[in-house]
Each structure stands twice: as C-alpha cells, then as structure tokens.
1. Taking the stated definitions as given, is residue 111 buried (at least 19 other Cβ atoms within 10 Å of the Cβ) and part of a helix (DSSP H, G or I)?
2. Could you tell me whether any residue of the stretch 86-95 is touching a strand residue (DSSP E or B) at 6+ places or on another chain (Cβ under 9 Å) and over 19 Å from residue 182 (Cα atoms)?
3. Filter the stretch 210-227 for residues that are touching a Phe, Trp or Tyr at 6+ places or on another chain (Cβ under 9 Å) and buried (at least 18 other Cβ atoms within 10 Å of the Cβ); which is nearest to residue 167 (Cα to Cα)?
4. State whether one or more residues within the stretch 95-103 are among the aliphatic types (A, V, I, L, M), surrounded by 15 or more Cβ atoms within 10 Å (Cβ to Cβ), out of contact with any Phe, Trp or Tyr (no Cβ under 6 Å at 6 or more places or on another chain) and at pLDDT 95 or above.
5. Six or more apart or on different chains, Cβ atoms under 8 Å: show the pairs whose first residue is in the stretch 197-219 and touching a residue at least 24 places away in the same chain (Cβ under 8 Å) and whose second is surrounded by 16 or more Cβ atoms within 10 Å (Cβ to Cβ) and of a type in the set (Phe, Trp, Tyr).
6. Name the strands (runs of 3 or more DSSP E) wholly inside the stretch 21-102 in which the number of residues that are in contact with a helix residue (DSSP H, G or I) (Cβ under 8 Å, 6 or more places away or on another chain) and closer than 19 Å to residue 192 by Cα is 2 or more.
7. Among the listed residues 92, 147, which satisfies the condition of being closer than 17 Å to residue 185 by Cβ and in contact with a Cys (Cβ under 9 Å, 6 or more places away or on another chain)?
8. Residue check, residue 134 against (1) over 15 Å from the mean Cα position of the chain (by Cα); (2) of a type outside the set (Phe, Trp, Tyr); (3) crowded, with 16+ Cβ neighbours inside 10 Å; (4) modelled with pLDDT of 95 or more, all met but one. Which one?
Amino acid sequence: MDMNLKGRNAVILGGTRGIGRAIAETFAAEGANVAVCARNADQVKEAVSTLSARGVMATGAAVDVTDGAAVRAWVDTVAGALGGVDILVSNAGAMAQGGDPASWEQNFRLDVLAAVNAFDAAKPHLLQSAAAKGDASLVLISSVSAAETDTAGSYGPIKAALIHWAKGVARQYASKGLRANVVSPGAIYFEGGVWNMIETNMPDMFKGMLARIPLGRFGAPQEIANAAVFLASPASSYTTGVNLVVDGATSRRVNF
C-alpha cells in the first residue's frame with residue numbers, strides 16, 4: 001500500500017530508540033524526510049546516520065523536550081532545514097509511575113507540555129502544508145494505561161490528557177486539513193525498554209503481564225510504528241480524532 005509519504009517531512013519527538021525509532025525508520029522507508037530529537041547526542045547522531053542511509057533527508061539534535069523554548073527553536077530549525085513540516089509525532093514520555101507530586105510534574109512536562117510546545121511551533125508549518133497538499137497531521141503516542149488503572153498513579157491520567165487534547169485539535173483544525181490522532185500501545189518489548197528491565201529485575205511481574213495478554217506475547221515497536229505512520233499519512237486522510245488501541249486485546253473496554 002502506497003501511503004503517499006514520499007517527500008513529506010516528519011518530525012518525531014523521542015525518535016532514537018524503541019517505538020520512536022521504529023516510527024522514524026518506517027517514515028524513512030516510505031520515502032519521507034525525518035527529523036528526530038532525544039536527550040542523548042550520540043544516539044541522535046547514530047539515528048540520523050542510519051536514516052540518511054535510506055536515501056532521505058534526515059536531521060536531528062539533542063533536545064530536552066521539557067525545555068519549551070528549546071523545543072520550539074528546534075522545530076523551527078527543522079522546518080527551515082527540510083523545507084517545512086507535514087507531520088509531527090510526539091513519542092516523548094517520562095514513564096514515571098508514582099502518584100507523588102514530582103511524578104505528576106515529570107509526566108506532565110514530558111508527555112503533555114512537550115507535545116503542546118512542539119505543536120505550537122509546528123502549527124504554522126502544518127497548516128501551510130495542509131493548505132498546499134491537502135493533508136497534514138499530528139500523532140500522539142499515549143498508552144492503554146489511559147483507561148486502565150489499578151492505583152492512583154500519575155502515568156495513566158497524563159496519557160489520558162493527550163487523548164482529550166488530540167480530539168480537540170482534530171475538531172478545531174479539521175476544516176483546515178490538519179488531522180490529529182492517537183496511538184495507545186499496550187505492553188511493548190524491546191531491548192533496553194521498560195519490559196526488558198522488568199523481565200530482568202522483576203520476573204514475576206513480567207510473567208504476570210504476559211499472562212494478561214490474550215495474544216500471548218508482548219508487542220513490538222514496529223507494530224506501533226505501523227499504526228502511527230498509517231494514521232499520519234494521507235492514506236488515512238478521513239481519519240481524525242481517533243485513539244487507536246494496539247494492545248493485543250489486553251484492555252477489556254469496548255471502544256465505541
């Protein structure tokens with residue numbers, strides 16, 4: 001399936017490893033130019049080198065996405081380097097599980113404010129793209145934890161806020177051709193990721209999670225990337241305001 005991404009410019013917050021890296025690689029494989037950021041400069045350099053080898057324009061920078069001014073400046077720089085922004089993907093996340101004020105603040109700053117600041121900076125470019133090409137998009141990576149809870153932690157409610165915000169963006173900018181969608185992953189396994197660490201340090205918890213997944217396995221970053229890139233692409237140009245749950249049927253709720 002041709003997703004009509006060749007020559008489009010995609011910006012990914014948190015794009016050097018795990019889900020974000022798979023998203024960046026998938027965009028590049030579809031012929032899109034890619035910009036990635038993360039805190040680790042070496043990881044950014046390696047990612048840009050690998051993405052460039054696919055024959056697309058690739059750029060990146062070490063950016064602390066909790067620094068609003070830095071995020072805004074980087075997005076503006078990327079727009080100049082690539083010649084615009086057609087797609088913005090926010091994959092950055094703190095993963096703080098606690099219910100203490102520090103965890104709430106950490107999750108809010110990294111998950112919500114980073115996305116809001118990046119979107120604010122990218123919005124003029126996205127609207128220009130939508131006017132010229134008929135379609136531009138914002139994709140947010142949330143979590144199945146947005147609607148599944150066992151304790152009064154901060155992680156799930158913060159992820160739920162992203163879904164609510166995306167729906168508002170979708171409705172506000174639909175008439176201008178700017179779409180907004182969410183992908184909510186379940187338990188995703190990759191080397192160096194959260195579930196890899198839990199497997200090593202808390203094997204009983206790891207086995208318990210695996211037993212809860214009807215498909216009988218953890219998800220892979222590529223499976224989330226496939227969903228995110230499709231929603232970002234003109235191939236899903238009539239889809240906006242949705243929250244796509246990709247969790248191997250772990251959640252029990254009916255998604256009306």
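The values are calculated or read from the model by the stated rules, or taken from the named source; none is laboratory data. Everything numeric here is computed off the predicted structure, so don't read it as measured data. Using ideal geometry, Cβ is built from the backbone for each residue, glycine included, and neighbour counts are taken over all protein chains shown.
1. yes
2. Step one: of the stretch 86-95, the residues touching a strand residue (DSSP E or B) at 6+ places or on another chain (Cβ under 9 Å) are 86-93.
Cutting the leftovers down to over 19 Å from residue 182 (Cα atoms) gives us none.
Checked the stretch 86-95: no residue is touching a strand residue (DSSP E or B) at 6+ places or on another chain (Cβ under 9 Å) and over 19 Å from residue 182 (Cα atoms).
3. Filtering the stretch 210-227 for residues touching a Phe, Trp or Tyr at 6+ places or on another chain (Cβ under 9 Å) gives 210, 217-221, 225.
If we keep only those that are buried (at least 18 other Cβ atoms within 10 Å of the Cβ) too, we end up with 218-219, 221, 225.
Numbers: 218: 28, 219: 25, 221: 24, 225: 20 Å.
Taking the candidates together, the pick is 225.
4. Our first condition is that a residue be among the aliphatic types (A, V, I, L, M); within the stretch 95-103, this holds for 95-96, 102.
Next, only the ones that are surrounded by 15 or more Cβ atoms within 10 Å (Cβ to Cβ) stay: 96.
So of that shortlist, the ones also out of contact with any Phe, Trp or Tyr (no Cβ under 6 Å at 6 or more places or on another chain) come out as 96.
If we keep only those that are at pLDDT 95 or above as well, we get none.
No, the stretch 95-103 contains no residue that is among the aliphatic types (A, V, I, L, M), surrounded by 15 or more Cβ atoms within 10 Å (Cβ to Cβ), out of contact with any Phe, Trp or Tyr (no Cβ under 6 Å at 6 or more places or on another chain) and at pLDDT 95 or above.
5. 218/189; 218/195; 219/189
6. Values: elements: 33-38, 58-62, 87-90.
In the stretch 21-102, the matching strands (runs of 3 or more DSSP E) lie at 33-38.
7. Exactly one residue qualifies, and that residue is 92.
8. Among (1) over 15 Å from the mean Cα position of the chain (by Cα); (2) of a type outside the set (Phe, Trp, Tyr); (3) crowded, with 16+ Cβ neighbours inside 10 Å; (4) modelled with pLDDT of 95 or more, residue 134 violates only (3).
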